[in-house]
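Following: one structure in structure tokens, then a few remarks.
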Amino acid sequence: MRWKTGRRSQNIEDRRGLRISRAGLGGGSIGIVILVLLAMFLDIDPRIIMQGAEILEGGFQSSQTETQPVIAGQEEAREFTSVILADTEDTWKVLFPEQLNKSYKEPTLVLFSGVVQSACGFAQAAMGPFYCPADQKVYIDLDFFDDLKKLGASGDFARAYVIAHEIGHHIQTLLGISNHVMTLRRSMNETQRNALSVRLELQADCFAGVWANNAQRARNILESGDVEEGLNAATAIGDDRLQKQSQGYIIPESFTHGTSEQRVRWFKKGLESGKISDCDTFKTKKL
Ligand SMILES: [Zn+2]
């Protein structure tokens, strides 16, 4: 990607090196239950939250937040994230009025290391980047980019796709889709909820593609091989691929993000058309 000369975003909140106070944990088991409910809606595996809560209970004795030196070696990743965030701002600020007759409200992107507190609860870096609709912030530990590489998704456009996917969840929140999905979930069983989650996630993939299409047309950011990197990343983080890697078999009813093939298809759909209206994963019969 040609990103180095790109604009940097003003909406980065850098919480790397910040520790969470024990007092800030609050809520006890009720807090954790709420956390799990919220987590099931996000890019988070609730089981990880449970573990995270336990670790926090036992491990974080310090009662004040303190900053530690900013992690070395992350400066390029930070710059990159800031430029991609700025590009999503510039892109969606044009697309919202153009395609939806609405105005775009920029989200904040929080950089953290280890654990973080969001309006959706505590999160651990191990569960990857996520978006919290309650505070309209994207949370990312830059070490995730290394994990992505280990999963077989290398390259800068793979990283941009992940950021753009999280911004996709912000778009869903602005459009009222997230809220609607939350309401629907209440009267559903787990299998139905998972199926709905897949539609939500695939739409975020499609929105990531819409961003890339328009960013490319406006600023010519892509180099040869970039599209392949993005598609490769979508393949690497499909539910079927991840389940096969972690447990050796797949349970389709438990999918929450879609198969590799579906993630590639919807990302590509947005990438090729550049239109928000082509991302209706809720109405389509074939995901
Ligand atoms: Zn997602």
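The values are calculated or read from the model by the stated rules, or taken from the named source; none is laboratory data. Here the structure is a predicted model, which is why all the values come from computation and not from measurement. We place every Cβ from the backbone using ideal geometry, glycine too, and count neighbours over all the protein chains shown. Calculation scope for accessible area: heavy atoms of the full protein, side chains included, ligands and nucleic acids excluded. Shrake-Rupley method; radii C 1.70, N 1.55, O 1.52, S 1.80 Å.
Points worth noting:
- Filter result (more than 20 Å from Leu196 (Cα to Cα), open to solvent by 40 Å² or more (accessible area, probe 1.4 Å) and assigned to a helix (DSSP H, G or I)) within region 236-259: Lys244, Gln245, Ser246, Gln247
- Selection count where residues are farther than 12 Å from Glu201 by Cα and in contact (Cβ under 8 Å) with a residue 24 or more places away in the chain, scope region 246-259: 2
- Strands (runs of 3 or more DSSP E) enclosed by region 113-219 - at least 1 residues per element that are open to solvent by 10 Å² or more (accessible area, probe 1.4 Å) and touching a Cys at 6+ places or on another chain (Cβ under 8 Å): 115-118
- Answer residue from region 186-236, given it is among the charged types (D, E, K, R) and within 15 Å of the ligand (Cβ to nearest atom) and is farthest from Ile163 (Cα to Cα) among those: Arg193
- Count - residues of region 79-112 that are open to solvent by less than 50 Å² (accessible area, probe 1.4 Å), closer than 18 Å to Phe145 by Cα and either among the charged types (D, E, K, R) or not in a strand (DSSP E or B) (or both): 7
- Just one of (1) out of contact with any strand residue (DSSP E or B) (no Cβ under 9 Å at 6 or more places or on another chain); (2) more than 15 Å from the ligand (Cβ to nearest atom); (3) touching a residue at least 24 places away in the same chain (Cβ under 8 Å) fails for His180. It is (3).
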